[in-house]
1. Could you go through the stretch 18-33 and let me know if any residue there is buried (at least 20 other Cβ atoms within 10 Å of the Cβ), part of a helix (DSSP H, G or I), among the β-branched types (Val, Ile, Thr) and at pLDDT 95 or above.
2. Out of the residues in the stretch 204-221 meeting the condition of being open to solvent by less than 40 Å² (accessible area, probe 1.4 Å) and of a type outside the set (A, V, I, L, M, F, W, C), tell me which one is nearest to Ala38 (Cα to Cα).
3. If you scan the stretch 222-241, which residues turn out to be under 21 Å from Val33 (Cβ atoms) and open to solvent by 80 Å² or more (accessible area, probe 1.4 Å)?
4. Taking Gly201, is it surrounded by 13 or more Cβ atoms within 10 Å (Cβ to Cβ), free of Cβ contacts under 8 Å to residues at least 12 places away in the same chain, of a type in the set (Gly, Ala, Ser) and in contact with an Asp or Glu (Cβ under 7 Å, 6 or more places away or on another chain)?
5. Restricting the search to the stretch 73-86, which residues are crowded, with 24+ Cβ neighbours inside 10 Å and either in a loop (DSSP other than H, G, I, E, B) or in contact with a helix residue (DSSP H, G or I) (Cβ under 6 Å, 6 or more places away or on another chain) (or both)?
6. Scan the stretch 161-173 for residues that are in a loop (DSSP other than H, G, I, E, B) and either among the basic types (Lys, Arg) or surrounded by fewer than 17 Cβ atoms within 10 Å (Cβ to Cβ) (or both) and report the count.
7. Against the condition assigned to a helix (DSSP H, G or I) and crowded, with 20+ Cβ neighbours inside 10 Å, how does Leu39 come out, does it pass?
Amino acid sequence: MAAAVVPAAGRGERLGPGAPKALRELGGAPLLVHAVRALTRSRAVGLVVVAAPPQGIAEVVGLLDSHGLAGQDVRVVAGGATRQESVRLGLAAIPEQTEIVLVHDAARPLVPVEVVDAVVAAVRAGAPAVVPAVPLADTVKRVMPGEPGQPEPVLDTPDRSTLRAVQTPQGFQRQLLAEVHAKAEAEAAEGGGPAVTDDAGLVEWYGGQVVVVPGHEEAFKVTRPLDLVLAEAVLARRRASDGF
């Protein structure tokens with residue numbers, strides 16, 4: 001069985017003032033609840049570890065319990081000041097015999113179970129690190145960053161056919177994930193460390209191979225208020241069609 005870590009200690013300022021992003025409501029339940037449910041629906045996942053704000057552990061435990069998600073298959077631990085630290089702390093709470101670990105954003109509440117299963121299956125088949133991803137619909141320009149709101153010179157236009165928008169859950173051989181996090185922690189203690197935004201990026205930074213499996217358009221990340229509106233619409237459609 002695989003285990004999953006859900007880093008949920010961040011505040012998510014782009015959604016505006018108020019509760020931390022993971023606790024914002026979607027269809028009557030927090031994003032975190034939807035994300036944990038999505039993982040527990042997979043028969044391949046036996047444990048979900050939520051890395052919560054250190055001062056909000058009791059609140060998160062109560063929240064999950066009130067939505068029927070408390071028990072041996074869901075654990076809550078204190079997260080860290082950064083996403084990377086929260087993943088590392090969540091990983092430490094997973095039994096050592098667990099060989100496959102997923103990392104899933106709490107802000108991706110609507111990931112379909114088939115995406116979760118596909119990621120686990122790819123790691124089980126031998127891939128050291130796996131990310132779900134979707135092709136880009138828009139043309140992408142690489143620019144010279146300038147002042148906010150000011151025109152930015154275009155440097156080039158990458159070939160869109162070679163680009164993918166990466167989602168979660170990302171899957172890893174447990175030993176590999178532990179190794180790259182240990183290296184990053186040691187370098188950070190010396191004032192360095194990789195500048196990456198996800199765990200697959202850590203694997204790449206230290207020379208590991210990452211492979212892509214098909215993601216899903218409904219596994220988008222809720223980052224801005226408009227994303228929340230879209231998520232509400234997707235959830236309403238699911239509930240109307242299959243009692244989700």
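The values are calculated or read from the model by the stated rules, or taken from the named source; none is laboratory data. This is a predicted model, so every value here is computed, not measured. When we count neighbours, we look across all protein chains shown, and the Cβ atoms used for this are built from the backbone with ideal geometry, even at glycine. We work out accessible area using only protein heavy atoms, side chains counted, and drop any ligands, DNA or RNA first. Shrake-Rupley method; radii C 1.70, N 1.55, O 1.52, S 1.80 Å.
1. yes
2. Once the filter is applied, the top-ranked residue is Glu218.
3. Arg224, Val229, Leu230, Arg237, Arg239, Ala240, Ser241
4. no
5. Val76, Gly79
6. So the answer is 1.
7. yes
One line per residue, one yes/no per condition, for (1) among the charged types (D, E, K, R); (2) open to solvent by 60 Å² or more (accessible area, probe 1.4 Å); (3) within 26 Å of Arg24 (Cβ to Cβ); (4) in a strand (DSSP E or B):
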position: Glu96; (1), (2), (3), (4): yes, yes, no, no
position: Ala106; (1), (2), (3), (4): no, no, yes, no
position: Val115; (1), (2), (3), (4): no, no, yes, no
position: Gln175; (1), (2), (3), (4): no, yes, no, no
position: Ala178; (1), (2), (3), (4): no, no, no, no
position: His181; (1), (2), (3), (4): no, no, no, no
position: Gly191; (1), (2), (3), (4): no, yes, no, no
